[in-house]
1. So how do SER362, SER641 rank on accessible area, 1.4 Å probe, biggest first, that is with the largest at the start?
2. At a 10 angstrom cut-off on C-beta neighbours, averaged per residue, how do the peptides 611-617, 198-204, 821-827 rank from highest to lowest?
3. Which one of SER73, VAL84, GLY116 has its Cα pushed farthest toward the positive end of the charge dipole of the stretch 68-224, where Lys and Arg give +1 and Asp and Glu give -1 at the Cβ?
4. Could you point to the residue in HIS678, SER248, LEU328 farthest towards the positive end of the chain's charge dipole, with +1 and -1 charges on the Cβ of Lys/Arg and Asp/Glu respectively?
5. Among 576-585, 438-447, 488-497, how do they line up from the highest to the lowest mean number of other beta-carbon atoms within 10 Å?
6. Suppose every Lys and Arg Cβ carries +1 and every Asp and Glu Cβ carries -1, with no other charges. What dipole size does the stretch 524-651 come out with about its Cα centre, to the nearest 20 debye?
7. Would you please state the base-10 log of I(q)/I(0) at q = 0.06, 0.07, 0.08 1/Å for the chain, with intensities from the Debye formula using one equal scatterer on every alpha carbon?
8. Is the stretch 392-458 rounded, prolate or oblate when judged by the Cα gyration tensor, a ≥ b ≥ c being the square roots of its eigenvalues, rounded requiring a/c under 1.5 and prolate requiring a/b larger than b/c?
Amino acid sequence: MPAAAAEPRTYRGLVAMLSVAEKVQLLTGADSWRTHGCETIGLRKLVTSDGPAGVRGTTKDERRPSASLPCPSALGATWDADLVYRVALALGAEARSKGVDILLAPTVNLMRTPLGGRGFEFFAEDPVLTGALATAYVRGVQRAGVAATVKHYVGNDSETERWTYDARISESVLRELYLVPFEACVREAGAWLVMAAYNKVNGERMTENVRLLRDVLKNEWGFDGVVTSDWHAARSTQATAAATLDLSMPGPDGPWGELLTRAVIERTVSEELLDDKVVRLLRLARRVGALGEEITHDDEAATGEAELAPDLVDPGLLRTAAAASFVLLRNRGQVLPLDPAGGRVAVIGPNAIYPTIQGGGSAGVAPVGVETPAEALQAALAGRAEVVTAVGCQTWQSLPEPPIGSLRDPSTGEPGVLLEFLDGQGNLLAAEHRMSASLAWWDGVPAGIGWGKPGVIALTATFMARTSGSYQLSAAGVGGLTLTADGVTVIDGVTKVPDDPVEAMTRPGELRAALWLESGTATRLRLEFRPATDGDGPLSVRLGLVPVADDDVLLARAEAAAAAADAAIVVVGSAELTESEGFDRTTMALPGRQDELVRRVAAANGKTIVVVNSGMPVLMPWADQVAAILHAWLPGQAFGSALAGVLLGETEPGGRLPVTIPAAESDAPVLHADPDEHGVLRYSEGLLIGYRGYDASSTTPRYPFGHGLGYTTWAYESIECPDAVAEGEDLEVAVTVRNTGGRPGKDVVQAYLAEPGQRTAGRPVRVLAAFAAVKSAPGQAVKVRLKIPARAFARYDEDLASWIWPGGQFTVQVGPSSRSLPLAAPVRSGTMVRLMSAGQPGSDPG
């Protein structure tokens, strides 16, 4: 133990009280979700939890549910930093109520491809919009006294081969696109953690990337927080330590431990470098209240007390956020808001009955509840209109679990299932009553249960069929699966181990069987799961059960319901777990026969309103055949009531597209993000992703970036803009807009900047530079002030390794979307000069 002469009341004084082995232990997780504590210095364990659309906690357990928020792409559609701050503040408060110190969110990668499996976790395809909303998110979470973790640094914009691919991205493209939101979160919001991604960038693993972790993030941007690995992303000892990775998660195993201790003792890794990691961890612990006593801060002032907020997220806030994210893409004949006027409304579609409220993977939570569109519209229209429902077609990739009310735990007779853990000889280790037939674990199972262990996880329940007929049953998990019905084996097989460990939870192997069940007769079902010997990732098991249905019959019923109704609301979209961490989508087309469903309903009813329930864009070949289209994203648990309020005009759809929707897949500037045979993923499109790519190729999208209608109309009347802007100065612009409709409403005023002269190859036609939401009464004119940051006039010069101003006459273009810009003003910027060498003061991002 070091001599007692050290100063114990400072971070470095506390570090000096520890041995090398004790220091190293603090830098590796104690388990899947916790770090180690240390009584010697009064440090308790830090608790982490996945986000970003809800705080799951250390377990996914329906008995301890979480608020399910609109997904980040939905928050991106709000274009409202103040609302995102409020949502994040409430999320932070709920994290506190669950004992969580570190929220593993927000995700600030960009929507490079519309097929990105995790795109629903991203805010937008544009770095300025992403940065503005992400900084609000970070501030909100951290105002509640919980650390935000900005991820995945950097180049983890798609899921295919994410553990190994090498993203080849030029320095100028990194600086002008992909690093922008990270830089904003660090410099403007003071993020407390950054997560290093699995992938490589330009040949170096991100957990070993000295230039991007040490030189850019820490030295240039001044990041004083903790760099954590993504889970299991640290795969070396000395290289990760030298790159200034600070925390290797999860634990207790990993590449550090004794190996790093030995490296420090043998001086192949300096103890000074190790001490810096521990200081950062202690600074983080102090920020979240995990150090037992006040200490003198070596290099910073104390932060304020966390703002008081309710323990759980206010349902009203969830409804407000969901409605603010809904994007009205089309409204022919002003069919919306809907006036049922005592008629009949048909609510149709698989997602009307079985909505997808969240994406798959680490973002998933056990929600407090789920409001389905069908149920919410029936409740909202009670006494006002007759509501009929029809599912229309089936879309599930994995069979859904049966309604929990249809299952009975045989040990109690209560709704639910009996969960048992058995050892290899069949002896009972533990038993629980559960209210879900789809379960997952990272930790917390009895000894003898897990990958390569002989134990068995069993689910037992009795099922009572409502109608006689053929039913499909499924057993899902990675390993051996046996399903019996009244003691008769109906499924017995083994599923393969997936390539990505998270797929053990998001889309494990599934075995199916058909079974005839009689109405009113209880059937005892028992599913036994034997985890694979070579599996990895979370354990999960799922029992699925649905009546066998014929899509032709379902489509005909939906068509008939639409023909007999005054209006038809068709809710289509992603099936459960088809948008998920771990894999990219293979197509933008709606799953199953949903396109056919929309066409047939539209042909039967001229007042057809389509609601799209997906986290990322889908193809809409029927767009011109329907009266209205509302994009509802993955809106969380308040989907139903928020949707009813918007459709009936109680709330205005407030969203604008944070991502371009193409008319055809082939129009997308980047579609498939598949690494080549060498594992290289080339970002050959450079700066031209999203709307920038459509503009550069003069391709007309189905709906452009920034597009969205409301229930009123707007006129863009004037722009006030200085003739010139000095080098390194922000530009302030004033725009006057008028509400020309008959009801109060909201618009998002968007300012884009076009570069001087003829467009240089590879440079965008225009880029988003500033935006602001405005609300006004009918007939009211409002002056909106926008600040275009100095960085918007700069570009990164790779030869100079610095930002420069190209100089010349730029054009500020203003309007309600990237393709509707009725106002324009010229502004001259200075001649080309060196803005600053990388890392000098004044280089804050816009």
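1. From most exposed to least exposed: SER641, SER362.
2. The densest-packed peptide leads the list: 611-617, 198-204, 821-827.
3. My answer, from the dipole projection, is VAL84.
4. Result: LEU328, furthest along the dipole toward the positive end.
5. 576-585, 438-447, 488-497
6. 320
7. Summing over Cα pairs of the chain leads to -0.40, -0.55, -0.72.
8. oblate
The values are calculated or read from the model by the stated rules, or taken from the named source; none is laboratory data. No experiment lies behind these values; they were computed from the predicted model shown. So basically every Cβ, Gly included, is an ideal-geometry build from the backbone, and we count neighbours across all protein chains shown. Note: areas computed on protein heavy atoms with side chains; ligands, DNA, RNA excluded. Shrake-Rupley method; radii C 1.70, N 1.55, O 1.52, S 1.80 Å.
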